[in-house]
Ligand SMILES: Cc1cc2nc3c(=O)[nH]c(=O)nc-3n(C[C@H](O)[C@H](O)[C@H](O)COP(=O)(O)O)c2cc1C
């Protein structure tokens with residue numbers, strides 16, 4: 001959901017969403033997530049501006065991030081951060097992204113549960129957001145989640161690959 005009504009969201013609903021993140025499973029239960037709840041209009045405007053990264057969207061031919069407008073108009077934006085030192089690194093895998101992925105799904109499902117819409121925004125200028133919100137250097141910004149009452153019915157969403165393309169039985173098939 002990328003467009004939102006011009007209507008405030010009740011604090012209890014935001015608390016319920018944050019609680020859903022808090023309950024997520026994580027590497028060794030280290031709970032690496034740190035969340036910034038942004039409501040200030042000027043900050044949301046700036047976050048919206050930081051959701052475009054030329055080197056990513058330019059070559060793909062997109063004019064901008066499809067979520068850009070929604071970040072400015074949503075009553076609340078949750079900036080989801082992670083402290084990688086509070087998660088595992090094993091055999092070149094950084095598990096803070098896994099932790100945050102699960103937490104993000106909890107966040108999105110909780111939004112749906114309380115009648116709100118959101119979208120995972122994973123493309124942004126991290127340095128810009130870091131400066132804007134005083135985020136320390138050892139913390140990574142993982143996602144922006146604009147949250148509000150959906151302006152429209154949830155669109156069907158783009159199609160998924162069939163199971164036959166993504167599932168193998170017994171071993172990897174060529
Ligand atoms: C890690 C991640 C990053 C994403 N980043 C963006 C983004 O920057 N902008 C955007 O509009 N959507 C973003 N999305 C949303 C996906 O485009 C969307 O989930 C996908 O197209 C499937 O559509 P659906 O969720 O409506 O079914 C992101 C999703 C994920 C999981």
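Of note:
- Its relative contact order, with pairs defined as Cα atoms under 8 Å and 6+ residues apart, puts segment 6-133 at 38 percent.
- Fully extended contour minus Cα-Cα distance, from residue 8 to residue 113, at 0.36 nm per residue: 36.1 nm
- In the chain, the DSSP-assigned H stretches of four residues or longer account for a calculated mean residue ellipticity at 222 nm of -10500 deg cm²/dmol, using -39500 (n - 2.57) per stretch and the full residue count as denominator.
- Neighbour-count ranking [beta-carbon atoms within 10 angstrom, fewest first] of 46, 126: 126, 46
- Highest mean first, the peptides 3-16, 66-79 sorted by other C-beta atoms within 10 Å per residue fall in the order 66-79, 3-16.
- Euclidean distance of C-alpha centroids, segment 129-171 and segment 77-116, integer Å: 10 Å
- Fully extended contour minus Cα-Cα distance, from residue 152 to residue 85, at 0.36 nm per residue: 20.1 nm
- Temperature 10 °C, viscosity 1.306 mPa s: under these conditions the Stokes-Einstein estimate for the chain, based on its Kirkwood radius over C-alpha pairs, is 92 µm² per second.
Values in this text are rule-based calculations from the coordinates and carry no lab data. In this text the structure is predicted, and so the values were computed from the model without any measurement. Don't worry about glycine lacking a Cβ; one is built from the backbone with ideal geometry, like all the others, and counts go over all protein chains shown.
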